[in-house]
Amino acid sequence: MMNSNWFPKHMRTSEALLRKNLKAADVIFEILDARIPFCSRDERIDLITREKPRIVVLNKCDLSDDESDRKWVAHYEKMGAKSVAVSAIRGTGVKKLIKLAHGALHAKISKLHGISDRKKAVVAMVVGIPNVGKSTLINAIAGKKKTKIANKPGVTKVKQRVTTHRQLELLDTPGILWPRESEEIFESLALIGAVKDELLDLETLSISLLAKLMNLAPANLGKQYQIDIHGQPSLALLERIAMKRGCIRKNKNIDYMRVSRIVLGDFRKGKFGKITLEMPEDNC
Ligand code: G4P
């Protein structure tokens, strides 16, 4: 159904950059998308950065379910990492993240020297797949807009070191997305926009999304399009949404591509409420 064949050379360059930057880092900010913490976690990034203390950042918590965020934070803390739900775009959780970063460094210094130098700036390396909000988070912490080199999923960005007023230095890294074997993971990444839409079968993706929404947020789905969703298969639902939104071609056929873009766009903007698509107990 979907094609996951994109990358090589820039992947290798990105990985080399990641390894090089790692040496200077005191702590890793591993950025995940709070709506899909399992699928947005990259095992290879995890493997490369494993030797450093880690804070798992569940970003975009303005779009994810609060109770699910708490479960994921507890899950990562049980695994030995610190974790915090953040909305980089709104600034939620950013103070807590900074506090955790300082805590991680001081714990390390105390362990090594038996003392803690609270004046030392923490160097945090920000890692994660494309589109999880690394640049937005760096801007939120630094309180300024840094230059963004490229923001297309799958396209690498040049390394940047950002100094902040919070005794925190941030190392930006390229958003790397290694190919995924699992169709399910690929689909979740596609739903949140971490894969270029050009690579996707948007109609199949939107039908699959509607099936999930009928379980997770049926009332909001019906309300968004002013339709009765009960007893409808997802394809029929997509067609009803198309009628409601005028996605009809001149020849009176349904414009599946247009309606699919509307449904996916509405999900990505949070129009169906705060939704988490994965829970720790189902995936870990
Ligand atoms: P990246 O560096 O990891 O690639 O991600 P970046 O900061 O560029 O953010 C990707 C998109 O996610 C941006 O949307 C950004 O505004 C959005 N975003 C980042 N943090 C948050 C958050 O906490 N909540 C919400 N709701 N959105 C967030 P965009 O500019 O529309 O870009 P695109 O999605 O059209 O590529």
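The values are calculated or read from the model by the stated rules, or taken from the named source; none is laboratory data. Just so it is clear, the model here is predicted, and its values are computed rather than measured. FYI the Cβ positions are ideal-geometry reconstructions off the backbone, even for glycines, and counts take in every protein chain you see.
Just name the residue that is surrounded by the fewest Cβ atoms within 10 Å (Cβ to Cβ) out of those in segment 245-280 that are β-branched (Val, Ile, Thr) and assigned to a loop (DSSP other than H, G, I, E, B).
Step by step, filter segment 245-280, then rank; the result is ILE275.
Look through ASP172, ASP228 and report the one residue that is at pLDDT 85 or above, among the acidic types (Asp, Glu) and touching a Gly at 6+ places or on another chain (Cβ under 7 Å).
ASP228
Filtering segment 194-207 down to residues that are crowded, with 18+ Cβ neighbours inside 10 Å and either among the polar types (S, T, N, Q) or farther than 23 Å from ALA236 by Cα (or both), which residue is modelled with the lowest pLDDT?
The residue in question is VAL195.
Can we say ASP33 is farther than 22 Å from SER182 by Cβ and either among the small types (Gly, Ala, Ser) or within 12 Å of the ligand (Cβ to nearest atom) (or both)?
So ASP33 fails the test.
Is it the case that some residue within segment 151-167 is within 16 Å of ALA25 (Cβ to Cβ), within 16 Å of the ligand (Cβ to nearest atom) and at pLDDT 85 or above?
Yes, segment 151-167 has at least one match.
Quick check on segment 66-75. Is at least one of its residues outside any helix (DSSP H, G or I), within 15 Å of the ligand (Cβ to nearest atom), crowded, with 19+ Cβ neighbours inside 10 Å and modelled with pLDDT of 95 or more?
no
Cβ-Cβ below 6 Å, separation at least six or inter-chain, first residue in segment 40-54 and of a type outside the set (Asp, Glu), second modelled with pLDDT of 90 or more and surrounded by fewer than 21 Cβ atoms within 10 Å (Cβ to Cβ): which pairs?
Correct list of pairs: ARG54/ALA81.
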